[in-house]
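First the structure, in the form of structure tokens, and then the observations on it.
The values are calculated or read from the model by the stated rules, or taken from the named source; none is laboratory data. Please read all numbers here as calculations on a predicted model, not as lab measurements. Cβ atoms come from the backbone with ideal geometry, glycine included; neighbour counts cover every protein chain shown. The area values use the complete protein model at the heavy-atom level, side chains included, leaving out ligands, DNA and RNA. Shrake-Rupley method; radii C 1.70, N 1.55, O 1.52, S 1.80 Å.
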Amino acid sequence: MARYIFITGGVVSSLGKGLMGASLAALLQARGYKCRIRKFDPYLNVDPGTMSPHQHGEVYVTDDGAETDLDLGHYERFTGVASRQSDNVTSGRIYKTIIERERRGDYLGATVQVIPHVTDAIKAFAQDDTDGLDFVLCEIGGTVGDIESLPFIEAIRQLRNDLGRGQTVSVHLTLVPYIAAAGELKTKPTQHSVRELASLGVHADVIVCRSEKPLPASDRAKIALFCNVPASSVIPALDADTIYGVPLQYHREGLDTEVLRAFGIEPEGEPDLSRWEQIVQRVQNPEGEVTIGVVGKYMGVPDAYKSLTEALTHGGIANRVKVNIRWLDAELFEHDNQEEITAALEPMHGILVPGGFGERGSEGKIAGVRFARERKVPFFGICLGMQMACIEGVRAEGVESASTTEFGPTDEPVVGMITEWMTAEGLQKREAGGDLGGTMRLGAYQAKLGGNSVVASIYGSEDISERHRHRYEVNTRYKDVLEQGGLVFSGMSPDGSLPEIVERPDHPWFVGVQFHPELKSKPFDPHPLFASFIEAAVKHSRLV
């Protein structure tokens, strides 16, 4: 039977519960244990895919088509274990399921209540699909004391009693703020947070303390005394130079050791952390650096492109260089002042146009594509970025009205909505007027690459599988005009109906992909497209 680690946060919940959980899972993996991480979100959205990037950051997509919280990206990047639909649940999904059951009559007319119906649904979710696992780490979103998260806290209280204390451990992440005026750390927020958690029936076994200053032994002893844990179970969590150094830092402070001891397991030997040491060494000691210009539209929210940022870093790790990301608001390029566009893009060693939805900033993205094509700067277009590359390619051939139906009616629909496509389960159909998520192609799909293509040599294979999240596709009717201008379809869906990759063989590096390769990149296994893109940027940096 799998053991459960429940991760809660207090005072300030956005201080890295996801990163801590990912790091702890990586440490347990390094000791030979099989782990899976799950996220309980208190939001009433049925899934995070309905949330704006401006409010919640990126939407992370799994192989099986789940639109999830971005923390699942941390989980995959640190553990290498592919997340699934069953690894992320929101309050909205729980309530939707219960209401559907009540409407069907599953409860036989009984009064439906938070306890036991909602808490039972949460417990069932936590225990589903756990065969063969040693540990299941469950992160509870929000802050202890929030009204939204109370059903989840109650559910883990019940689950601890159901499974027995030897099968569960509670890890609580808190803030120990440094008051500059007084010149000291304050432990009271941690004491109150642990007390709040205890008042809800859950005792913290291990307390992780986020702080910008080292936590003295006297403060650790004070927290231990007031929070009823051994001093060794109070784990400092200081800022790290790189997030990939966090597992090493937590191990030095004894996090994995204390969690195992809380289960009654005496750790044997040291975990094998050599790959994390190698990653940190490469990050901290680069042999050069490149600057990548990202021409996007969600510039005010760094987490909107979280996986993309990390994938570019992974490309740097693969090439032993530091990647400096220059965030460029696409809307600033929506004018005819070529001198300003040139001044902004000329210092770039590579240009990347990421995914997105809506017309805002689209002409600026097209301007970025045009600059990369004409100046022979390495270019990488992802999802909408590939579509903008195709529109720019058709316009370059004299079709000035080329556009996409996503932005409104057009006489030259280079990009249009997809309503039918093939999957392993058969033909999928959607209605254009349906729910926004209803017409999306979500999750992993196969693609066939051209044997002599640039991308086939990058992947080292002609058959690939990548994750999608989009409603619109490039129109194959424009294949001839695009190829006339040098932009070729080098990757297609297995049935040959949907373009997956375009490239310019006569360009130093020009690739557009309909999928999101950043979602599968890991620090110890960089995605080949990002590794190749950064390699091309390094070569370009030596020419300018």
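Values as computed for the structure displayed
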| read-out | value |
| --- | --- |
| The stretch 457-515: number of residues that are open to solvent by 50 Å² or more (accessible area, probe 1.4 Å) and within 18 Å of residue 414 (Cα to Cα) | 7 |
| Count of residues meeting criterion [within 17 Å of the chain's Cα centre (by Cα) and closer than 15 Å to residue 235 by Cα] in the stretch 20-35 | 3 |
| From 62, 68, 50, residue being open to solvent by 50 Å² or more (accessible area, probe 1.4 Å) and closer than 19 Å to residue 440 by Cβ | 50 |
| Checking residue 186 against (1) closer than 25 Å to residue 19 by Cβ; (2) touching a residue at least 24 places away in the same chain (Cβ under 8 Å); (3) not aliphatic (A, V, I, L, M), the condition it does not meet | (2) |
| Qualifying residues in the stretch 110-130 (those that are under 25 Å from the mean Cα position of the chain (by Cα) and assigned to a loop (DSSP other than H, G, I, E, B)) - the one surrounded by the most Cβ atoms within 10 Å (Cβ to Cβ) | 130 |
| Residues located in the stretch 80-92, provided they are in contact (Cβ under 8 Å) with a residue 40 or more places away in the chain and either in a helix (DSSP H, G or I) or at positive phi (or both) | 80, 86, 87, 91, 92 |
| Residue match in the stretch 10-26 (condition: closer than 20 Å to residue 303 by Cβ, at pLDDT below 85 and polar (S, T, N, Q)) | yes |
| Residues (closer than 19 Å to residue 69 by Cβ and among the aromatic types (Phe, Trp, Tyr)) located in the stretch 142-183 | 152 |
| Matching residues in the stretch 223-238 - criterion: being in contact with a strand residue (DSSP E or B) (Cβ under 9 Å, 6 or more places away or on another chain) and touching a residue at least 24 places away in the same chain (Cβ under 8 Å) | 223, 227, 229, 233, 234, 235, 236, 237, 238 |
| Qualifying residue in the stretch 346-355 (condition: surrounded by 16 or more Cβ atoms within 10 Å (Cβ to Cβ), in contact (Cβ under 8 Å) with a residue 40 or more places away in the chain, out of contact with any Gly (no Cβ under 7 Å at 6 or more places or on another chain) and not in a strand (DSSP E or B)) | yes |
| Any hit, the stretch 328-336, residues being touching a His at 6+ places or on another chain (Cβ under 6 Å), in contact (Cβ under 8 Å) with a residue 40 or more places away in the chain and over 21 Å from residue 412 (Cβ atoms) | no |
| Candidates 95, 107 - the one that is of a type outside the set (Asp, Glu), open to solvent by 40 Å² or more (accessible area, probe 1.4 Å) and not in a helix (DSSP H, G or I) | 107 |
| Selection status of residue 156, out of contact with any His (no Cβ under 7 Å at 6 or more places or on another chain), open to solvent by less than 10 Å² (accessible area, probe 1.4 Å) and β-branched (Val, Ile, Thr) | yes |
| Strands (runs of 3 or more DSSP E) fully within the stretch 217-330 counting 1 or more residues that are modelled with pLDDT under 95 and farther than 19 Å from residue 23 by Cβ | 289-296, 322-329 |
| Residue selected from the stretch 356-396 under the condition open to solvent by 10 Å² or more (accessible area, probe 1.4 Å), part of a helix (DSSP H, G or I) and of a type outside the set (Gly, Ala, Ser), by the criterion farthest from residue 440 (Cα to Cα) | 375 |
| Residue within the stretch 277-291 that is touching a Pro at 6+ places or on another chain (Cβ under 7 Å) and under 30 Å from residue 344 (Cβ atoms) present | yes |
| Complete set of residues in the stretch 178-190 that are in contact with a Leu (Cβ under 8 Å, 6 or more places away or on another chain) and either under 14 Å from residue 8 (Cα atoms) or open to solvent by less than 30 Å² (accessible area, probe 1.4 Å) (or both) | 185, 190 |
| Test for residue 282: is it touching a Phe, Trp or Tyr at 6+ places or on another chain (Cβ under 7 Å), among the basic types (Lys, Arg) and open to solvent by 40 Å² or more (accessible area, probe 1.4 Å) | no |
| Test set (1) within 20 Å of residue 376 (Cα to Cα); (2) touching a helix residue (DSSP H, G or I) at 6+ places or on another chain (Cβ under 8 Å); (3) modelled with pLDDT of 90 or more - residue 348 fails condition number | (2) |
| Criterion violated by residue 228 - all others in (1) of a type in the set (S, T, N, Q); (2) open to solvent by less than 30 Å² (accessible area, probe 1.4 Å); (3) at positive phi satisfied | (2) |
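Residues are listed down the side, and each one gets a yes or a no for (1) of a type in the set (D, E, K, R); (2) without any contact (Cβ under 8 Å) to a residue 60 or more places away in the chain; (3) buried (at least 23 other Cβ atoms within 10 Å of the Cβ); (4) under 12 Å from residue 533 (Cα atoms):
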site	(1), (2), (3), (4)
295	no, no, yes, no
306	yes, no, no, no
309	no, yes, no, no
320	yes, yes, no, no
326	yes, yes, no, no
